[in-house]
Amino acid sequence: MELKELKGNLRIRIAILLIIFMAVSFLLRMIPAFFIGNAGYLPTYDTDGWYTLRQIEVMVHHFPQYNWFDPMTAYPTGKFIDWGPLYPFIAAVLCLISGAASQASVVATAGVVSPLMAALMVPVMYYLGKTVWDWQTGILAAGLVAVISYHYFFLSSYGLIGHHIAETLFGTLFLLIYLTAMVYFRTHDRDCRNLRAIYLPCLIAAAAGICLFCALLASPTGILVLVVIGLYTLVQCILDQWAGRSSSDLLITNGIFLSISAALLVCFGFRTTGISITQYSPGLVYLHLALLAETLVLFFLSRVFSGKKVPYLVTLIVLGIAGCAAILVCPPLNSIGEQAFGLFFNSMTYSVGVVETLPLTLPAAWDYFGFAIILAAGGFAVLVGALLQKPRTEQVFFLLWSVVMVILTVRYQRFDYYSTVNIVLLSAIGITGCFRWQDARLRTKISSLLSGIIPLPSSGPDTSEGKEEVSDASRQKGKKKKTTGQNVRTTDLQKVFCLAAVLLLTIALIGISLYKDIDLGIKTPEHELSDDWVESATWLENNTPPTGVDYFGEYPSPGYTYPGSSYGIMASWDSGHWITFFGHRIPITNPFQDNLAGSNGAAAYFLAQNESDADTALAGLGGRYVIVDSNLAVTTFTNLVPWATGSTDISPYISWFVMPEPDNAKVLEKVHKYNNGYFQTIAARLYNFDGSLTVPGKAEYIRYTIRQVPAAGESAGDVNGYARVISGDDSVDISRGTANITLVRESGTLSASSYADLYSSHPNEPVETVPALHHYRLVHESPDNATVTAFPESKDETLDGIKTVKIFEYVKGAQIAGEGIIEVPITTNTGRIFVYRQASENGTFTVPYATSGSPYEVRATGPYHIIGTSGYINVTENDVTQGNRVQV
């Protein structure tokens, strides 16, 4: 093909542009692949992705096995998996084609799937933009989606293994194909003699049904697109009724795609017998049927009330009320209604620990989308303006789609990857809209809005003096021409101003997005899973007893019983999938938050201040090993509180104050301090003190008053109300007691008064004696010292001698008769030396370490010694594990 012909072929030029955008999208997301180290894969810091990798790994070994029930997580019940198999299937096929079989090669190969899907979003966005607006808008949307938004880009980068990008791709593709069918129906005459005009849109609708099924196979969350279809169907039917147009095309399109998708779901099978819209249950089919029923009712109402607008609306309102009543009365409908209502309005206290369930704040939105928010707002205005002039079905559809996605994203920021499609296309509409100011009314509105910003040009000095008089008509005609010329020049200036502003915003958006994308890729090492966690989880596989559960096995969901040799690993919920994937062991809780909440859940275990309560919770969950890390015990410690108590009140563990700045006493800053409650938790006792008796050294003696903040003339940031205001803060030595220190402690009910108590700014400096734990022995610790951020206002702090990850084993403990304090020297696998101490209770010591025969690298280097006596006691491994009484 000659160059001249290539230049004249618009389709070829568009295809080349799309290929370039796809390449840019893919290559930007592949930057993290350059940081693959000696392990042969990229250990991306992620939670859910590692579980998807487990499913991919199993599918590669036993294709096409997908474990809908998995005993390798959520011990002691196992887990019914809610995600679909589409993403693991695609990744497994890619691994089989490339010959990837080892764990490292599976991880490395599967990491390419998300960037590939992101590249495929480029042509999808082009055709969506072309359908909703025009081909220029489509080109711009395709280019923008390659580089924005930040969170969507991150989720689709190399090494991020997850169904979110698959949901976005197939969900958007479904809506595009559905819209294509509707547009075809409404732009072509349905002539029965023209078979193409009949079967082609029906085939397109059938393809939409298949795409919807694929979106649901990625995740049941894909059912959200039916909310868009349901709302559009209602609005479009009302508009058709007003315009005197038949809605039969809606009936045909909805009937075809809903029937196909529902039939495929039934053939695919249900994985739970309950009625749920977030699992593979009959509830998904019920939603399909409900939407089909809505379409049928609206169609027949339009036929019955043809030309009767008011009765039609009244009937709709009555049926709407009746439908709401049916949802409240009918149990299956009630269940689905509650779930749908909860999706939009439920408040989740535990959101402080699950960021994606938090509402979208303006700073977060700006971080995700940047200048696209401004451009999208402009695009929304252009879209609404176009609809007010002449409603087009594709634009009505896109407007409603955008409103639904924005509401969902504002409610739960996790849906920002869905709304990225809408933000990108609205931005493209806003940008291209500035180049199409042909509508006089639009120009007039913009001129009136900008007249206050751009001054009107001066008419200049009057030069008519000395001229011969002219008729009034001629004078008025000349004045009219002059005024018209001034308006044209003013409009042109405003037009140039707006175009320049939009171009600058667009250039800034693309430039900043590219910078953030490249910066994210270059900083990949900062987003990698801790080597300490990989090392610790791998240690589990090699040094703990087999559970009797085959990692690659296929298990029936009903009636599965764990073997007697099985046990669970108690750890933070975000580490659950790492334990499964790297350690081939069974976590009790996980990022699905199984076994986490409630008085006997994992969060309550770690917050327990009584060892017997913790032991009961651990036994109830079948735990044998406990893993604590710097995040659980320090940095994100407060995330445990809502899961255990249902409240965000952290005051039993951490107190917050305001204190005057050193240079300006009128400016109060917020600070946090650990109180004794924190140091008595199982999490702190295990992690900070190795389960050993610990006597405090120094503490902060804080004097404060509780009063209204801010007072007159003060500023206190976001604090407004009663607060603790520090009036004095001194370091005191309490190693020998607090008899010489005046303590005025708060009672259960706070009142405006003065108080004084002991607090600490460091997680390893207790304010009261911390008793030893009797049944937990350290068996492994990771090599690196922990770096933590104790409080929001604190800087990163390295805890010398406290490793990032620690693993403890629960044992019965050997019984030794005696009084006082017993101690034994311990050397860990990293060479760290500490002394385990314990005070007797009722004349008995219950000790967890063996002085001989330990199977672990963490070992006692000498016998037990009761301080103040000459007695030394040896304890065997059997004594510790069986709870034997040892003779002194």
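The values are calculated or read from the model by the stated rules, or taken from the named source; none is laboratory data. No experiment lies behind these values; they were computed from the predicted model shown. For neighbour counting, all protein chains shown are included, and Cβ atoms are generated from backbone atoms with ideal geometry for every residue, glycine included. When the accessible area is computed, the model is the full protein with side chains, heavy atoms only, and any ligands, DNA or RNA have been set aside. Shrake-Rupley method; radii C 1.70, N 1.55, O 1.52, S 1.80 Å.
Collect the residues in segment 610-644 that are touching a Leu at 6+ places or on another chain (Cβ under 6 Å), assigned to a helix (DSSP H, G or I) and among the hydrophobic types (A, V, I, L, M, F, W, C), keeping them in residue-number order.
Listed by number, the residues that qualify are Leu640, Trp643, Ala644.
Looking at Ser536, Ser557, which one is within 17 Å of Pro76 (Cα to Cα) and either in contact with a Pro (Cβ under 7 Å, 6 or more places away or on another chain) or among the small types (Gly, Ala, Ser) (or both)?
Going through Ser536, Ser557 in turn, just one is within 17 Å of Pro76 (Cα to Cα) and either in contact with a Pro (Cβ under 7 Å, 6 or more places away or on another chain) or among the small types (Gly, Ala, Ser) (or both): Ser557.
Please specify each residue of segment 736-770 satisfying the condition of being within 14 Å of Ile654 (Cα to Cα) and assigned to a strand (DSSP E or B).
If the condition is that a residue be within 14 Å of Ile654 (Cα to Cα) and assigned to a strand (DSSP E or B), then Asp757, Leu758, Tyr759, Ser760 are the ones that fit.
Do we find that Ala786 is among the small types (Gly, Ala, Ser) and either free of Cβ contacts under 8 Å to residues at least 40 places away in the same chain or open to solvent by 10 Å² or more (accessible area, probe 1.4 Å) (or both) in this structure?
Against the criterion (among the small types (Gly, Ala, Ser) and either free of Cβ contacts under 8 Å to residues at least 40 places away in the same chain or open to solvent by 10 Å² or more (accessible area, probe 1.4 Å) (or both)), Ala786 does not qualify.
Quick one: in segment 363-397, which of the residues that are open to solvent by 50 Å² or more (accessible area, probe 1.4 Å), at pLDDT 90 or above and of a type in the set (Phe, Trp, Tyr) is farthest from Leu504 (Cα to Cα)?
Phe380
Among the residues in segment 659-680, are any under 28 Å from Ile579 (Cα atoms) and not hydroxyl-bearing (Ser, Thr, Tyr)?
There is at least one residue in segment 659-680 that is under 28 Å from Ile579 (Cα atoms) and not hydroxyl-bearing (Ser, Thr, Tyr).
Taking the options Glu554, Glu541, name whichever one is over 28 Å from the mean Cα position of the chain (by Cα) and closer than 17 Å to Phe69 by Cβ.
Only one candidate qualifies: Glu554.
Under the condition of being out of contact with any Phe, Trp or Tyr (no Cβ under 8 Å at 6 or more places or on another chain) and over 28 Å from Ile627 (Cα atoms), which residue from segment 689-706 is surrounded by the most Cβ atoms within 10 Å (Cβ to Cβ)?
Ranking the qualifying residues of segment 689-706, first place goes to Tyr701.
Specify which of the listed residues (Leu408, Leu343) is at pLDDT 65 or above, among the hydrophobic types (A, V, I, L, M, F, W, C) and closer than 30 Å to Ile321 by Cα.
Leu408
If a residue must be open to solvent by 50 Å² or more (accessible area, probe 1.4 Å) and part of a helix (DSSP H, G or I), how many such residues does segment 244-259 contain?
Qualifying residue count for the region: 2.
If we scan segment 489-504, do we find a residue that is modelled with pLDDT of 80 or more, open to solvent by 50 Å² or more (accessible area, probe 1.4 Å) and not acidic (Asp, Glu)?
So far as segment 489-504 goes, yes, one or more of its residues are modelled with pLDDT of 80 or more, open to solvent by 50 Å² or more (accessible area, probe 1.4 Å) and not acidic (Asp, Glu).
Could you say whether any residue in segment 710-721 is of a type outside the set (Gly, Ala, Ser) and in a strand (DSSP E or B)?
no
Would you say Ile36 is open to solvent by 30 Å² or more (accessible area, probe 1.4 Å) and free of Cβ contacts under 8 Å to residues at least 60 places away in the same chain?
It is false that Ile36 is open to solvent by 30 Å² or more (accessible area, probe 1.4 Å) and free of Cβ contacts under 8 Å to residues at least 60 places away in the same chain.
Could you list all residues from segment 506-533 that are at pLDDT below 95, touching a Ser or Thr at 6+ places or on another chain (Cβ under 9 Å) and of a type in the set (A, V, I, L, M, F, W, C)?
Hits for segment 506-533 are Leu509, Leu520, Leu529.
Quick check on segment 646-659: of everything there that is free of Cβ contacts under 8 Å to residues at least 40 places away in the same chain and more than 17 Å from Ala756 (Cα to Cα), which residue is most open to solvent (accessible area, probe 1.4 Å)?
Looking at residues that are free of Cβ contacts under 8 Å to residues at least 40 places away in the same chain and more than 17 Å from Ala756 (Cα to Cα), I get Asp649.
Give the residues of segment 689-740 that are in contact (Cβ under 8 Å) with a residue 60 or more places away in the chain and aromatic (Phe, Trp, Tyr), sorted by residue number.
Of everything in segment 689-740, just one residue is in contact (Cβ under 8 Å) with a residue 60 or more places away in the chain and aromatic (Phe, Trp, Tyr), namely Phe689.
May I ask you to say which residue of Lys806, Lys812 is at pLDDT 95 or above, of a type in the set (Lys, Arg) and surrounded by 22 or more Cβ atoms within 10 Å (Cβ to Cβ)?
From the options Lys806, Lys812, the qualifying one is Lys806.
Just one of Asn595, Asn590, Asn600 is open to solvent by less than 10 Å² (accessible area, probe 1.4 Å) and assigned to a loop (DSSP other than H, G, I, E, B); which is it?
Only one candidate qualifies: Asn590.
Among the numbered conditions (1) in a helix (DSSP H, G or I); (2) open to solvent by less than 30 Å² (accessible area, probe 1.4 Å); (3) at pLDDT 95 or above, tell me where Ile569 comes up short.
(1)
If Val725 passes every condition in (1) in contact with a strand residue (DSSP E or B) (Cβ under 9 Å, 6 or more places away or on another chain); (2) in a loop (DSSP other than H, G, I, E, B) but one, which one does it miss?
Result: Val725 fails condition (2) only.
Out of Trp83, Trp50, I need the residue that is open to solvent by less than 30 Å² (accessible area, probe 1.4 Å) and in contact (Cβ under 8 Å) with a residue 12 or more places away in the chain. Which one?
Answer to the check: Trp50.
If you go through segment 831-859 one residue at a time, how many are touching a His at 6+ places or on another chain (Cβ under 9 Å) and either of a type outside the set (Phe, Trp, Tyr) or open to solvent by 40 Å² or more (accessible area, probe 1.4 Å) (or both)?
Of the residues in segment 831-859, 7 are touching a His at 6+ places or on another chain (Cβ under 9 Å) and either of a type outside the set (Phe, Trp, Tyr) or open to solvent by 40 Å² or more (accessible area, probe 1.4 Å) (or both).
Do we find a residue being out of contact with any Phe, Trp or Tyr (no Cβ under 6 Å at 6 or more places or on another chain), within 20 Å of Ser419 (Cα to Cα) and touching a residue at least 60 places away in the same chain (Cβ under 8 Å) anywhere in segment 175-196?
yes
What's the total number of residues in segment 540-550 that are in a helix (DSSP H, G or I) and farther than 13 Å from Ala571 by Cβ?
3
How many residues are over 41 Å from the mean Cα position of the chain (by Cα) and open to solvent by less than 30 Å² (accessible area, probe 1.4 Å) when one looks only at segment 714-731?
Residues meeting the conditions: 1.
Going by what's in this entry, would Gly159 be described as in contact with a Gly (Cβ under 6 Å, 6 or more places away or on another chain), modelled with pLDDT under 95 and farther than 25 Å from Thr547 by Cβ?
Yes.
Mind listing whichever residues of segment 506-541 are open to solvent by 50 Å² or more (accessible area, probe 1.4 Å) and aliphatic (A, V, I, L, M)?
Answer for segment 506-541, where residues must be open to solvent by 50 Å² or more (accessible area, probe 1.4 Å) and aliphatic (A, V, I, L, M): Ile507, Ile510, Ile512, Leu514, Ile518, Ile522.
Suppose we filter segment 307-324 for residues that are of a type outside the set (A, V, I, L, M) and in contact (Cβ under 8 Å) with a residue 24 or more places away in the chain; how many remain?
Going through segment 307-324 one residue at a time, the tally reaches 3.
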